[in-house]
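The values are calculated or read from the model by the stated rules, or taken from the named source; none is laboratory data. Quick caveat, the model's predicted, so the values are computed rather than measured. Please note: Cβ atoms are built from the backbone with ideal geometry, for glycine as well, and neighbour counts cover all protein chains shown. Heavy atoms of the whole protein, side chains included, go into the accessibility calculation; ligands, DNA and RNA do not. Shrake-Rupley method; radii C 1.70, N 1.55, O 1.52, S 1.80 Å.
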Amino acid sequence: MREITEKSISDWIAEVPVIADVAAMKETVWMNDRLLPFDQAVRNSELTMDDVREASERLKRFSAYFQKAFPETRKDNGLIESPVCRIPEMQRAMEAKYGERIPGDLLIKLDSHLAVSGSIKARGGIYEVLCVAERIALEAGYLHLTDDYSVLCEEKCRKLFEKYAIAVGSTGNLGLSIGIIGAKLGFRVTVHMSADARQWKKDLLRSKGVLVKEYQNDYSAAVENGRKEAEKDPFCHFVDDENSRMLFLGYAVAAERLKRQLDEAGIAISREKPLYVYLPCGVGGGPGGVAFGLKMVFGDLVHCFFAEPVQSCCMMLGMATGLHNEISVRDFGLQNRTIADGLAVGRASGFVGRQMAPFMDGCYTVADERMSALLKMLADHENIWLEPSALAGMYGPVMLAPKRGGLPEGCHLVWATGGSMVPADEQQKYYQQGSLACREY
Ligand SMILES: *Cc1c(COP(=O)(O)O)cnc(C)c1O
């Protein structure tokens, strides 16, 4: 921290040029000069493919539980998974509007429509609660690894979980996922919500018996308070969004499943046609975990870019300076205020930053108006409705094209991270904001 306050912003810009754009709140791109060839990067990685496989196996064990507790997961055999689709109308509309060709396929991964909690958090957040539940039930002798996990729906298991608490700090969606699965299993759940969190998310959680604590300040403060409170209770598990390996691995399982989906759709990834993935980033766990999984599956054939609001570009700052969680957007006069509530994070996860430093291709930032405009365009052209955060990835192909003298041929996959649970009246407001933003963005 001291180092930052001692250096002036102009010193910083001399050292890390992208900070000029960051401080001026301009949309910008940062390419990662610490990216390593996959075989080198993986050699020094703390986490491995074995860790991802273990997470994948655990989720399979829980599939019988999900089919019973959340019947909407039956169509995917008790796995929480989302479709991947081509969006050709959106592709044409973007090419026409922004004057950049997007050569190859433009695809969207609809984590916005994941069962149970309607956002990418239905991967990591739910996975961490399952880890906790499994451990407790195994230790109590109520469960064995080879059992049908639907026994966890039984009253005696709920009674067991009632003795335990789960807490989390969130801008909204992580709280939703933890709250919904935690309450369903029987845990006492407390969600510490930052000021950005939407009212409907708090209402929904309270309707499920979750204790929601509201904060006037941003995400980092909500997490900090939640962590302190949880430490006082030996029966409380705190889901630490800034440091959790469990969350990260829950997200990472998406990759092997995506590979299967692309195979089934006849989309081959090759050196001639690599995969470019654009991931909205808040604290970093979601995009970091997914990107890590993708690197394990596709190696050098996948290129992952993290997308952040101009006001909340904590991952770009942390990566570009190498200071990770020791630097905040506030150090450069940014307020961390954005319409993209899922991405309203001013300080990135140090764990994710360090883990991903040799694996990620780069970061870029988008204006709030950009996300709004893209939200409207996607609704108009594809009838897909997302929350603003989930559109940060959509601008990736356009943002990166000039950096590379035109976009390379490939498969461009936009990770849509949330939105299916947004109430209709809120969605209409987002759409109207998009109609205004569309004129300039
Ligand atoms: C949480 C979230 C993200 C980003 O995940 P992080 O782990 O915070 O980086 C992106 N989009 C939406 C809609 C989210 O809720």
Residue satisfying condition, being in the same structural domain as Gly396 (by TED's automatic domain parsing), surrounded by 11 or more Cβ atoms within 10 Å (Cβ to Cβ), within 30 Å of Phe298 (Cβ to Cβ) and in contact with a Cys (Cβ under 9 Å, 6 or more places away or on another chain), within set Val29, Val42: Val29
Qualifying residue in the stretch 296-305 (condition: open to solvent by less than 10 Å² (accessible area, probe 1.4 Å), within 12 Å of the ligand (Cβ to nearest atom) and among the aromatic types (Phe, Trp, Tyr)): no
Residue check for Ala115: closer than 22 Å to Trp415 by Cα, part of a helix (DSSP H, G or I) and not acidic (Asp, Glu): no
Residue match in the stretch 131-147 (condition: more than 25 Å from the chain's Cα centre (by Cα), surrounded by fewer than 21 Cβ atoms within 10 Å (Cβ to Cβ) and aromatic (Phe, Trp, Tyr)): yes
Members of the stretch 333-367 that are within 19 Å of Phe248 (Cα to Cα) and in a helix (DSSP H, G or I): Gly342, Leu343, Gly350, Phe351, Val352, Gly353, Arg354, Gln355, Met356
Any hit, the stretch 119-130, residues being more than 20 Å from Ala252 (Cβ to Cβ), assigned to a helix (DSSP H, G or I) and not polar (S, T, N, Q): no
Test for Leu391: is it open to solvent by less than 20 Å² (accessible area, probe 1.4 Å), within 16 Å of the ligand (Cβ to nearest atom) and hydrophobic (A, V, I, L, M, F, W, C): yes
Output for the stretch 205-224, where each listed residue is away from the ligand (no atom under 14 Å from the Cβ) and either open to solvent by 30 Å² or more (accessible area, probe 1.4 Å) or in a loop (DSSP other than H, G, I, E, B) (or both): Arg206, Ser207, Lys208, Gly209, Val210, Leu211, Lys213, Glu214, Tyr215, Gln216, Asn217, Glu224
Among residues of the stretch 224-257, those that are closer than 16 Å to Lys213 by Cα and aliphatic (A, V, I, L, M), counted: 2
Among the residues listed as Gly289, Gly282, the single one being in a helix (DSSP H, G or I) and under 25 Å from Gly125 (Cα atoms): Gly289
Count of the stretch 112-140 residues which are among the acidic types (Asp, Glu), more than 16 Å from the ligand (Cβ to nearest atom) and out of contact with any Lys or Arg (no Cβ under 8 Å at 6 or more places or on another chain): 1
In the stretch 175-204, the residues that are among the basic types (Lys, Arg), open to solvent by 30 Å² or more (accessible area, probe 1.4 Å) and assigned to a helix (DSSP H, G or I): Lys184
Test for Cys281: is it within 9 Å of the ligand (Cβ to nearest atom) and at pLDDT 95 or above: yes
Residue in the stretch 46-60 that is part of a helix (DSSP H, G or I) and β-branched (Val, Ile, Thr) present: yes
Some residue of the stretch 225-242 being part of a helix (DSSP H, G or I), in contact with a Gly (Cβ under 9 Å, 6 or more places away or on another chain) and either under 26 Å from Met31 (Cα atoms) or without any contact (Cβ under 8 Å) to a residue 24 or more places away in the chain (or both): no
Scope the stretch 148-174; condition closer than 26 Å to Arg227 by Cβ and open to solvent by 90 Å² or more (accessible area, probe 1.4 Å); matching residues: Lys163
Matching residues in the stretch 124-140 - criterion: being aliphatic (A, V, I, L, M) and closer than 12 Å to Arg58 by Cα: Ile126, Val129, Leu130, Val132, Ala133
Tally of residues being under 22 Å from His144 (Cβ atoms) and more than 20 Å from the chain's Cα centre (by Cα) across the stretch 54-81: 15
